[in-house]
1. Write down Rg/Rh for the chain, rounded to two decimals, with Rg from the C-alpha atoms and Rh from the Kirkwood relation over Cα pairs.
2. Provide the convex hull volume over Cα atoms per residue for the stretch 148-265, in Å³.
3. Taking the DSSP beta bridges in the chain as the whole, what percent of them are antiparallel, to the nearest 5?
4. What distance in nm separates the two pseudo spin-label positions at ILE366 and THR431, each 7 Å out from Cα along the beta-carbon direction?
5. How far is the Cα center of the stretch 313-346 from the Cα center of the stretch 67-101, in Å?
6. Pull up all non-local amide H partners of TYR301: gap of 5 or more, or a different chain, and H-to-H distance under 5 Å with H placed in the peptide plane.
7. From the phi of every residue in the stretch 436-452, what ³J(HN,Hα) in whole Hz does the Karplus formula 6.51 cos²θ - 1.76 cosθ + 1.60 yield, where θ is phi - 60° and glycine or proline is x?
8. What residue among LEU252, THR309, LEU171 has its Cα farthest toward the positive end of the dipole of the stretch 53-315, where the charges are +1 on Lys, Arg and -1 on Asp, Glu, each on the Cβ?
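Read the figures in this text as sums done on the coordinates, not as results from a lab. Nothing here was measured: the structure is a model prediction, and the numbers come from that model. Here Cβ is always computed from backbone atoms with ideal geometry, including for glycine, and neighbour counts include all displayed protein chains.
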Amino acid sequence: MFEFNIHTIEYGFLAYACLIFGSYILQGFISFYSLKSFTAKKKFIDEGRLLDSDILPTVALIAPAYNESAVIVQSVRSLLTAHYFDLELVIVNDGSSDDTMQKLIDNFSLIPSETRPYNNLSTKKVINTYRSKNSAFKNLLVIDKENGRKADAINVGINHSWADYYAVIDLDCILEPNALLMMVEPVLQSQDKKVVAVGGVIGAANDCTIKHGKFIEAKVPKKILPRIQIIEYIRSFILGRTAWNQVNGLLLISGALGMFERETLIAVGGYSHDAIGEDMDLVMKMHKHCLENKIDYKIGYIPYPLCWTEVPESKTILSSQRNRWMRGTIECMYKFRGMFLNPKYGIIGMVSYPFWLLTEMLAPVIEFLGMGLIVYFIVTGQLNLGLALILLFFIYFLTLSHSFIAIMIYYLNFDKYNSRSDLIKLFKTATVEAIYYHPKVLYWGLRGYYDYFFSKNLGWGKMTRKGFSTSP
């Protein structure tokens, strides 16, 4: 009987691995054909005519800032160059303790200007609002407020700006000039569904060429940690999210850049102040609101790099980031547990939520239990070593295949990392990811579990960045 249980466990883990990687292969096929369709349509879009069109929805670009003295001027100048008709840029200084606010005042000729709020989301106190004396910066609004963290700062920006859509961006991101035009395409193309949110691909900017705040050329980073994260981002943004978009099953839009429809955003109360993963929390709130109110809606996704951000290069900062991601995932899965296998929530409840639960939230626990059982079976002499090695090799092969497929799809569809040397570097990195990097991810995930249940007031954690090197 005990021997039967051992075999049941062995084949159970094999079945779990096949289920997960089988779904990844399916995502690869769906993404490949979706990208072909997107690329074909993109060729026929005249962005110049779109800029002059009166059918474009109004957009406000909101960027929260906290202690950004080193990059604030360059970042704001870069965001002001975004190609979009009558775009309003809203910079929200979230109680910085450095001279971020003073640099904004000095470099953009800001003077106090009374701006009454249009919306009434609950936020920390606003100290002052500013506009520029310089007509070149007429679309810039700067808000100085008490510190309340990122979600609170974004809600202040939403309150003080009127637009059909709010695009939210991290200040340390480099925005592609046509990103906002691309993000409104699902809105313009949707005739029967309300587009409540739009996301897109985020790229890793480490070691890339950036001039005067503009992204020029993608390069594979020299260090291994950011190289591995590039592969992670390709798998997630190009395979996973592109595929989920086809069934309106996205549960997450990256906090680095997302666009949200005003009416729905206000209806769900904006960003949650107390959420660890405020970006995922917002998207799930929108799904819940629309499904419960029988709103015919969709969440759009652009399978193309829209902005570039610096990924962590140190293990300390990366571990803090992954710890927070795990805590945010646990929090969202628990908060929206009523969706789980609930037909009322359609694809989200019956497919997306269970899949995310298995592949994101529970994956570290399942893997840790599997490793513990293997150790136990070795100690007690009950392990079928041959079968265990075959299983281990099989899982490694599937993992490698998933990464190779993602890299090739990216290589064939985009003009980033498209040299043969870049391709070889990414392939080589993928071969060592499972051995060198994955054990760290497992530990960080498990530590996220421990911290969620037993540690208090961890918040976001410190996410220090080295900043972009700007070429002359």
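1. Numbers: Rg = 23.0 Å, Rh = 23.6 Å.
Using only Cα positions, Rg/Rh for the chain is 0.98.
2. Numbers: hull volume 16.4 nm³, N = 118.
Convex hull volume per residue, Cα atoms: 139 Å³.
3. On the way: 19 of 46 bridges.
Percent antiparallel among DSSP bridges in the chain is about 40.
4. Modelled inter-label distance: 2.9 nm.
5. Cα centroid of the stretch 313-346 versus Cα centroid of the stretch 67-101: 29 Å apart.
6. Those qualifying (amide H under 5 Å, at least 5 residues apart or on another chain) are GLY199.
7. The phi angles translate into 8, 9, 4, x, 5, 4, 4, 5, 4, x, 5, 5, x, 4, 4, 5, 5 Hz.
8. Of the listed residues, the answer is THR309.
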